[in-house]
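Taking it in order: structure first as structure tokens, then the write-up.
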């Protein structure tokens with residue numbers, strides 16, 4: 001009887017040990033990226049020029065493109081799959097480190113086109129920098145100082161109904177190089 | 001005897017046809033994005049007409065266009081070079097990142113530490129191109145391609161490329 005109990009306990013231990021060993025010892029699970037997310041910022045003055053240097057009163061336009069990793073395709077299928085976007089519950093939001101956030105909308109760009117012109121579909125949000133806005137960090141302290149400017153970090157997050165969450169940060173955000181954030185200068 | 005032959009032939013067909021049809025599908029990435037590629041352009045330090053190392057797509061003659069690219073592995077969302085701790089992994093995988101201009105020029109990017117000295121630093125891919133003084137002014141489309149030894153091929157185009165938007169290409173202006 002005692003031998004049988006030892007055998008059962010041994011078998012149970014063999015089953016449980018691998019679980020115990022892998023649970024606390026392993027590093028945080030590396031997550032597979034659900035969406036291929038890329039984002040940039042451009043001037044909202046109609047020139048569409050890419051920059052991360054703005055003046056108070058300027059308009060910042062956040063642009064993001066979201067592709068399904070599995071297919072390499074835009075889930076919105078260039079405007080043909082708007083229902084699919086809704087079904088997926090896809091939400092794309094731009095954030096500033098000062099706590100502001102800007103929900104992005106999926107749309108056609110440019111909005112007005114002639115019959116033969118080509119368009120592109122992606123996510124955008126805009127932010128008109130208040131004339132009195134004071135960004136939280138001094139850009140004079142950056143590796144390449146931008147005298148008189150202040151900066152605020154930004155990022156974009158895409159989420160969906162399944163709980164997928166992908167974050168985009170500008171390249172080199174962990175450094176003190178100038179593209180770290182939006183540099184805002186006095187007008 | 002003939003019936004037996006047909007039976008054997010059909011059995012052989014059933015046995016061999018599935019591998020024949022699945023073989024091409026498993027070769028190459030087949031549209032799957034193996035790498036997550038992020039890229040931007042910044043103004044380099046050669047003859048700058050404005051703040052150095054800020055994002056822009058408008059350059060003047062003599063200025064330096066710098067491509068900065070981050071390549072992450074989709075399955076782990078990690079840099080294959082582990083932020084400079086494992087550059088041999090990049091070599092072993094044969095990862096190559098190249099920037100292309102629509103005029104046929106191409107620029108291989110190098111994986112390195114930025115900034116070169118001092119802390120904090122980040123590891124990503126970069127290269128620079130000094131715009132020649134006699135380079136035609138106007139718009140110039142660009143894109144990037146990431147490849148590796150397994151024949152993975154991922155192309156990055158700036159947002160809005162292909163559309164009639166004012167800015168996505170590199171814009172070259174007179175000084």
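No lab work stands behind these numbers, since they all come straight from the coordinates. This is a predicted model, so every value here is computed, not measured. Note: ideal-geometry Cβ built from the backbone for every residue, glycine included; neighbour counts use all protein chains shown.
Would you kindly state how much longer the chain becomes between residue B:164 and residue B:141 on full extension, computed as 0.36 nm times their sequence separation minus their alpha carbon distance, in nm to one decimal?
Values: separation 23, 0.36 × 23 = 8.28 nm, distance 1.20 nm.
The span from residue B:164 to residue B:141 would gain 7.1 nm if fully extended.
Can you figure out the FRET efficiency of residue A:108 with residue A:161, using R₀ = 25 Å and their beta-carbon distance, to the nearest 0.05?
Taking R0 as 25 Å, the efficiency between residue A:108 and residue A:161 is 0.55.
Given segment A:35-185 reduced to its alpha-carbon atoms as identical point scatterers, what log10 I(q)/I(0) does the Debye formula return at q = 0.10, 0.13 Å⁻¹?
Per q value, in the given order, log10 I(q)/I(0) is -0.39, -0.63.
Other chains' Cβ within 10 Å of A:41-52 residues: what's the mean?
Mean number of neighbouring Cβ atoms from other chains: 5.
Run the simple label-point estimate for residue A:118 and residue A:101 please: 7 Å along Cα→C-beta, distance reported in nm.
3.5 nm
On a full-extension model of 0.36 nm per residue, what is the gain between residue A:80 and residue A:174, subtracting their alpha-carbon distance, rounded to one decimal in nm?
Separation in residues times 0.36 nm, less the Cα-Cα distance, equals 30.1 nm.
Pull out the extension gain between residue B:133 and residue B:45, defined as 0.36 nm times the separation in residues minus the alpha carbon to alpha carbon distance; nm, one decimal.
Stretched fully, the residue B:133-residue B:45 segment lengthens by 30.1 nm.
Pop a pseudo-label 7 angstrom from the Cα along the beta-carbon direction at both residue A:143 and residue A:73 and give the gap in nm to one decimal.
If labels sit at residue A:143 and residue A:73, their model points lie 4.0 nm apart.
Label points 7 Å out from Cα along the Cβ direction at residue A:131 and residue B:175: separation in nm?
For residue A:131 paired with residue B:175, the spin-label model returns 3.8 nm.
To the nearest whole number, what is the average tally of beta carbon atoms from other chains within 10 Å of the beta carbons of peptide B:36-42?
Numbers: counts 9, 2, 9, 3, 10, 3, 7.
That average works out to 6.
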